[in-house]
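The values are calculated or read from the model by the stated rules, or taken from the named source; none is laboratory data. Because the structure is predicted, anything quoted here is derived from the model rather than measured. FYI the Cβ positions are ideal-geometry reconstructions off the backbone, even for glycines, and counts take in every protein chain you see. Calculation scope for accessible area: heavy atoms of the full protein, side chains included, ligands and nucleic acids excluded. Shrake-Rupley method; radii C 1.70, N 1.55, O 1.52, S 1.80 Å.
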Amino acid sequence: MSDDVTRGYATVDGLTMYHEIHGAGRPLLLLHGGFMTVDALGPLLPALATSRQVIAVELEGHGRTADLDRPLSAEQMAEDVAGLLGQLGVARADVVGYSLGGMVGLRLASKHPELVRRLVAISAVYSNDGYYPAIVAGWRGMSAAALAGTPMERAYAETAPNPAHWPVFVEKVQHALMDFPGWPAADIAAIEAPTLLVIGDSDLVRPEHAVEMLRLLGGAPEDGGMGAPPRSQLAVLPGTTHFNILYRTDLLLPIVGPFLDAPLPGVE
């Protein structure tokens with residue numbers, strides 16, 4: 001990772017959020033997936049930080065950020081990161097989020113459009129219909145015992161303020177997944193920030209759902225691209241799964257980098 005790193009905590013409405021700031025340049029908020037930490041972002045973080053100021057956050061209950069006595073939700077996490085950006089004095093940032101982090105990014109762009117310049121949502125959904133039914137059914141078996149010995153359990157044991165809280169955290173994640181109500185399609189359609197959707201061709205996310213989101217975001221125009229370029233894009237990475245997509249920087253960076261670097265139409 002970059003040698004230019006600041007690590008710290010910020011208290012946002014009672015939540016003590018761990019975050020790291022890597023590099024310098026235009027700010028980019030980087031949001032991890034469920035059960036992950038900043039460390040699990042792998043080579044993507046340092047690659048993005050070579051030309052940007054990357055603010056990598058650990059969301060509520062994840063890593064060094066202890067959860068409060070409340071349910072976990074992408075909605076609340078979006079409010080948390082909005083508050084964090086305010087505390088850091090960041091008026092507007094690009095946002096890159098993976099899985100849960102991608103959902104938080106979508107929510108942030110929907111509810112706080114002034115904060116998001118461009119959005120990259122990797123392997124993200126806006127309703128549970130976006131997953132294959134077998135994936136949703138499998139959440140019923142989620143438990144601390146079922147996750148024993150996994151990298152997720154080890155990461156929690158190594159970073160959480162109270163490792164013994166693991167069974168409670170797993171149950172909270174399970175409820176957050178199963179009880180997710182989804183968001184109205186109109187909320188996605190109202191997102192103003194140009195958005196790049198990225199999924200793997202063997203993802204947990206159904207490609208049909210990604211295409212549906214692309215259309216809601218103004219992509220896939222019926223004129224076949226003969227008119228003005230659409231503000232949003234979709235990339236399906238070949239030979240890529242939900243679990244290795246962040247590590248396919250050979251495929252991600254040539255797509256994500258130019259998208260983030262492009263000026264905003266009519267603005268920059």
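Listing for the model above:
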{"item": "Per-region count, segment 142-155, residues part of a helix (DSSP H, G or I) and out of contact with any Ser or Thr (no Cβ under 9 Å at 6 or more places or on another chain)", "result": "4"}
{"item": "So residue 126, is it at pLDDT 95 or above, in a helix (DSSP H, G or I) and not hydrophobic (A, V, I, L, M, F, W, C)", "result": "no"}
{"item": "Qualifying residues in segment 221-268 (those that are buried (at least 16 other Cβ atoms within 10 Å of the Cβ) and in a loop (DSSP other than H, G, I, E, B)) - the one farthest from the chain's Cα centre (by Cα)", "result": "230"}
{"item": "Answer from 125, 198, 205, 136 - the residue that is in contact with a Leu (Cβ under 7 Å, 6 or more places away or on another chain) and closer than 22 Å to residue 77 by Cα", "result": "198"}
{"item": "Cross-chain or 6+ apart pairs with Cβ under 9 Å, segment 187-211 first and touching a residue at least 24 places away in the same chain (Cβ under 8 Å) and more than 12 Å from residue 233 (Cα to Cα), then aromatic (Phe, Trp, Tyr) and open to solvent by 40 Å² or more (accessible area, probe 1.4 Å)", "result": "200/243; 204/132; 204/243; 205/132; 206/132"}
{"item": "Only one of 104, 120 that is within 28 Å of residue 217 (Cα to Cα) and assigned to a helix (DSSP H, G or I)", "result": "104"}
{"item": "Segment 160-180, residues that are among the β-branched types (Val, Ile, Thr) and within 20 Å of the chain's Cα centre (by Cα)", "result": "170, 173"}
{"item": "Boolean, residue 158 is open to solvent by less than 70 Å² (accessible area, probe 1.4 Å), part of a helix (DSSP H, G or I) and modelled with pLDDT of 95 or more", "result": "no"}
{"item": "Residue among 63, 101 that alone is within 14 Å of the chain's Cα centre (by Cα) and touching a residue at least 12 places away in the same chain (Cβ under 8 Å)", "result": "101"}
{"item": "Residue list for segment 180-202, restricted to those being open to solvent by 10 Å² or more (accessible area, probe 1.4 Å) and either part of a strand (DSSP E or B) or among the charged types (D, E, K, R) (or both)", "result": "187, 192, 201, 202"}
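Residue by residue, here is whether (1) of a type outside the set (Lys, Arg); (2) modelled with pLDDT of 95 or more holds:
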site: 162; (1), (2): yes, yes
site: 165; (1), (2): yes, yes
site: 185; (1), (2): yes, yes
site: 193; (1), (2): yes, yes
site: 198; (1), (2): yes, yes
site: 211; (1), (2): yes, yes
site: 215; (1), (2): no, yes
site: 223; (1), (2): yes, no
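Per-residue answers, yes or no, for (1) open to solvent by less than 30 Å² (accessible area, probe 1.4 Å); (2) at pLDDT below 95; (3) more than 21 Å from residue 246 (Cα to Cα):
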{"site": "65", "(1), (2), (3)": "yes, no, yes"}
{"site": "73", "(1), (2), (3)": "no, no, yes"}
{"site": "95", "(1), (2), (3)": "yes, no, no"}
{"site": "104", "(1), (2), (3)": "yes, no, no"}
{"site": "109", "(1), (2), (3)": "yes, no, yes"}
{"site": "118", "(1), (2), (3)": "yes, no, no"}
{"site": "135", "(1), (2), (3)": "no, no, no"}
